[in-house]
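Here's the structure we're looking at; comments come further down.
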Amino acid sequence: MGHFARLKSWMAARGAEMRIVDFLLLAILCALQYPLWFGSGSWWNVAALHHDLEAKQAMLQQLENRNALLAAQVASLQTGSRAVEELARRHLGMVSKGEVFVWVIPANATRKDNNVAQAS
């Protein structure tokens, strides 16, 4: 009886035990792979976190740009009176001595806008 025949007969005798061992090894492998694919640190979760990070970085860039603009406006208001005067003219209707205030109503203004302008 050759070596191969002995191995074959041994495998036949141990077939049920080997199937159980194979099944256990497969179960252990699946148990170890589960967190990689479906757990909190899974590939899907990491991809979603990267997407959220990119969105938040874009929002952060917009906010930084807005803050830089506001900081420039604050610096302009602190250093010169020209910016304060411009804001007062635009928002509060400030008129200096010797100036005449003229309100020009656009030609394409609606009738409702004209009534509001005449009332004030």
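The values are calculated or read from the model by the stated rules, or taken from the named source; none is laboratory data. Given the structure is predicted, the values throughout are model-derived calculations rather than measurements. For neighbour counting, all protein chains shown are included, and Cβ atoms are generated from backbone atoms with ideal geometry for every residue, glycine included.
Miscellaneous remarks
- Flag if Glu99 is acidic (Asp, Glu) and within 39 Å of the chain's Cα centre (by Cα): no
- Restricting Ile20, Ile28 to those that are among the β-branched types (Val, Ile, Thr) and either in contact with a Pro (Cβ under 7 Å, 6 or more places away or on another chain) or modelled with pLDDT of 90 or more (or both) reduces the list to Ile28.
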